[in-house]
Amino acid sequence: MPPIDLNTKIQFADPMPDQVDVAIIGGGVAGIATAYFLTLLGEKVLVCEKGRIAGEQSSRNWGWIRQQGRDSAELPIMIESNRIWKSLAKDTGDRDLAFTQSGCLYLAKTQTEMAKYEAWFDLAKTHQLDTKLLKAHEIKNQFPNISGDWVGAMTTPSDGRGEPFVAIPALAKAAQRAGSKIIEECAVRTLDTEAGQVIGVFTEKGRVKCNRVVLAGGAWSNHFAANVDVDIPQLAVRGTVARTNPAPRLFNEKKEMPNIKESGFAIRRRADGGYTLATGALSEHFLSPSSFRYFTKFFKLISAANRDVRVYPAAPKGYPNQWMTRARWSANDISPFERMRVLDPKPNKNEVERMQKRLGERYPELAGIDVAESWAGMIDVTPDVVPILGEIASLRGFYVCTGLSGHGFGIGPGIGRVMANVVSGRQPEHDVSRFRTQRFTDGSPIEPGPY
């Protein structure tokens, strides 16, 4: 099943309310999860999505629900998110929200890689995760279908997977049943403010009164915020993914295949009987004015990146922050979000070829299996590769939930619950200081987490 695009029929077309408590900009996993939990708390919520629910990165990711390898500040939220995923299908009555507990397996080719896993294992023990380190002979015994010489591995059996292109719309329907209003093809153009306080939003379908707004616009968040004089250090990178036709199961037929990652290749089993493939080794960035504005903030991340980072002179027309994309507009103007309903970048063909080649090398039983489809998504990345969460100090009632940096699907429900608590004035129940909006301007050192 392909990512969601404009050919998908509109599923969410609630009547536009005159007033709500909270307006959410963006119908990806972050926005929808926040809406779901806010509604359960009794808030009146409106979600405005410029295109389709989960039309961009939220339907284009790997589908991993992993605790393994998380940043230390993200991990407690991810542990909660794992628990939420396990109960969502039951809580909502929707089988499309099914969580498959398959585990995650990270393979190490070198002692340097294994040392990183050993260091993270200490964090896992602190949180009493079921993470284990495997020696070379244990890999061969447990996973005989994987070819190659490995010095070791790390695995977390309680991790799992979901199907992004059906799960997020299903969660949106659950939020809708609980009372959220959700409208597709309804871009929020800008905010309505008074004396430094949000008092509403201007959408392409009219104005809505509210005293709180959550910006969860993914790769578009920085562009929206800049128009209301809020600076969010964020850049977008392209990632390519593919899926195979249905293929034989690997390993024990009675045991779920784990999500498997090595340097330069990642694979997971899909509910449709195929496999989702990625290399995870290439990040592609299209230069824009934001690239130069935030260069110093991203320098440490670029220098430390354990992947190929490629830069191109310019993005296609209409992309967020592209050279010719309009930088300023009013509530009466057609916004950039209406001109680009669904950001649908072309996949990197060379990456797809590498995926297919490595599939046959690592899993001889799957050699020759055709790639049925490939796609790409634009990933919203922050300088430290962890989210930006919280209220903007200079504009009361304006909250940001962005920068999930390519690992938002799994942690999305946990992030949504945190944001719902923060926006409703409750305690977030987790230490979210690492994700505060001011960290890029208050002199704090920018230390990239795992990527």
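The values are calculated or read from the model by the stated rules, or taken from the named source; none is laboratory data. Fair warning: this is a prediction, and the values are worked out from it, not measured in the lab. Cβ: placed from backbone, ideal geometry, glycine included. Neighbour counts: every protein chain shown.
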Output the residue which, of all residues in segment 78-92 that are surrounded by 16 or more Cβ atoms within 10 Å (Cβ to Cβ) and polar (S, T, N, Q), is nearest to ARG417 (Cα to Cα).
-> SER81
Could you please give the count of residues in segment 369-408 that are in a loop (DSSP other than H, G, I, E, B), closer than 30 Å to GLU194 by Cβ and of a type in the set (A, V, I, L, M)?
-> 3
Regarding PRO76, is this residue touching a residue at least 24 places away in the same chain (Cβ under 8 Å) and outside the structural domain of SER405 (by TED's automatic domain parsing)?
-> no
Filter segment 261-270 down to residues that are modelled with pLDDT of 95 or more and either aliphatic (A, V, I, L, M) or surrounded by fewer than 20 Cβ atoms within 10 Å (Cβ to Cβ) (or both), then give me how many there are.
-> 3
Tell me, which helices (runs of 4 or more DSSP H) wholly within segment 286-347 include 2 or more residues that are in contact (Cβ under 8 Å) with a residue 12 or more places away in the chain and farther than 23 Å from LEU215 by Cβ?
-> 295-304
Would you check if GLY397 is surrounded by 24 or more Cβ atoms within 10 Å (Cβ to Cβ), touching a strand residue (DSSP E or B) at 6+ places or on another chain (Cβ under 6 Å) and of a type outside the set (Phe, Trp, Tyr)?
-> no
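Conditions (1) part of a loop (DSSP other than H, G, I, E, B); (2) without any contact (Cβ under 8 Å) to a residue 60 or more places away in the chain; (3) surrounded by 21 or more Cβ atoms within 10 Å (Cβ to Cβ), marked per residue:
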| position | (1), (2), (3) |
| --- | --- |
| LYS125 | no, yes, no |
| HIS137 | no, yes, no |
| SER147 | yes, no, no |
| ALA153 | no, yes, yes |
| SER158 | yes, no, no |
| LEU171 | no, no, yes |
Selection status of GLY280, closer than 22 Å to TRP375 by Cα and assigned to a loop (DSSP other than H, G, I, E, B) | yes
Scan of segment 227-249 for residues that are in a loop (DSSP other than H, G, I, E, B) and closer than 30 Å to LEU359 by Cβ, ordered by number = ASN245, PRO246, ALA247, PRO248, ARG249
